[in-house]
2 protein chains.
Amino acid sequence: MEIAAFQDVLRRAYVERDTERGVDGTFRWLTEEVGEVARALRGDGDLVHEFGDVLAWLGSLANLAGVDLEEAAARYANGCPKCGAIPCGCAFVR
Amino acid sequence: MEIAAFQDVLRRAYVERDTERGVDGTFRWLTEEVGEVARALRGDGDLVHEFGDVLAWLGSLANLAGVDLEEAAARYANGCPKCGAIPCGCAFVR
């Protein structure tokens, strides 16, 4: 699935209620779903389901913020955006 | 860009250092980048850049957790996974 198509289906499905809720409430939902990934990582919950929900809330937030996720992802299309290498040759990030 | 291709380039670029850092440290980076989205939403920082970084750290975490982001996103491919409608017909989510 194209990233742009994913964002577009979220727009068509949710933009009215996302707009009604607003940026702050949608951000709060994103963080709640990030927390559910944390919980699933310790075995409580379905990882695929929770990663999908994070992607979806991130897409809803991007729609409200006017951000094109395809453009956002493109920085990584050719590997590390800092060093341009695959594998990344930057100093190790802890 | 396909979601699977995005996850694959992250794997090729970062999987060694992601593995060395581990799931917990990578999760911590994800939340740091979510915080940078919060900051960019109030005008301090570049939104496209920060959304891209969240996508990238989410992809790195998915690689470590063995989660296929394409599969995760597929729940939303036909609209709301709960009601199956576009636009979503579920009760409003605050």
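Gap in Å between the Cα centre of region A:41-63 and the Cα centre of region B:1-54?
What the calculation gives is 14 Å, centre to centre.
What is the interface area between chains A and B, defined as buried accessible area summed over both chains with a 1.4 Å probe, reported in Å² to the nearest 100?
5100 Å²
Quick check on chain A: what are the equivalent-ellipsoid semi-axes from the Cα gyration tensor, as sqrt(5λ), descending, whole Å?
Rounded to whole Å, the semi-axes are 26, 20, 12.
How far, in degrees from 0 to 90, does helix B:47-65 lean away from the longest principal axis of the Cα atoms of chain B, to the nearest 10?
Between helix and principal axis, roughly 80 degrees.
How long is the protein assembly as shown along each principal axis, judged by its Cα atoms, biggest number first, in Å?
47, 37, 25
How far, in nm to one decimal, is residue B:89 from itself in the other copies if the label point is set 7 angstrom along Cα toward Cβ? Shortest first, please.
In nanometres, ordered from closest: 5.7.
In nm, what does the list of distances from residue A:39 to its counterparts in the other copies look like, shortest first, when each label sits 7 Å along Cα to Cβ?
2.9
If each label sits 7 angstrom from Cα along the C-beta direction, how far apart, in nm, is residue A:20 from its counterparts in the other copies?
Distances to the matching label points in the other copies: 5.0 nm.
Under the classification rounded if a/c is under 1.5, otherwise prolate if a/b is larger than b/c and oblate if not, where does region B:40-94 fall, given a ≥ b ≥ c as square roots of the Cα gyration tensor eigenvalues? Working shown, then result.
Details: a/c = 3.02, a/b = 1.28, b/c = 2.35.
Since a/c reaches 1.5 but b/c is at least a/b, the shape of region B:40-94 is classed as oblate.
With the dipole of chain A worked out from charges on the C-beta (+1 for Lys and Arg, -1 for Asp and Glu) around the Cα centre, which of A:73, A:92, A:55 lies farthest toward the positive end?
A:92
If I take the Cα coordinates of region A:22-68 and project them onto the principal axes, what are the three extents in Å, biggest first?
Rounded to whole Å, the extents work out to 35, 18, 9 Å.
Suppose all protein chains stay in the model; what accessible area per residue would a 1.4 Å probe give for chain A, in Å²?
In whole numbers, chain A has 46 Å² accessible per residue.
I need the shape label for region A:2-42. Rule: rounded when a/c is under 1.5, else prolate if a/b > b/c, else oblate, with a, b, c from the alpha carbon gyration tensor.
oblate
Using only Cα atoms, find the angle between the long axis of helix B:3-41 and the longest principal axis of chain B, and express it within 0 to 90 degrees, rounded to the nearest 10.
70 degrees
Run the helix sum for chain B: -39,500 (n - 2.57) per DSSP H stretch of 4+ residues, divided by residue count, reported at 222 nm to the nearest 500 deg cm²/dmol.
-23500 deg cm²/dmol
The values are calculated or read from the model by the stated rules, or taken from the named source; none is laboratory data. Please read all numbers here as calculations on a predicted model, not as lab measurements. Cβ atoms come from the backbone with ideal geometry, glycine included; neighbour counts cover every protein chain shown. For the accessible areas, the whole protein counts, side chains as well, though only heavy atoms, and no ligand, DNA or RNA atoms are used. Shrake-Rupley method; radii C 1.70, N 1.55, O 1.52, S 1.80 Å.
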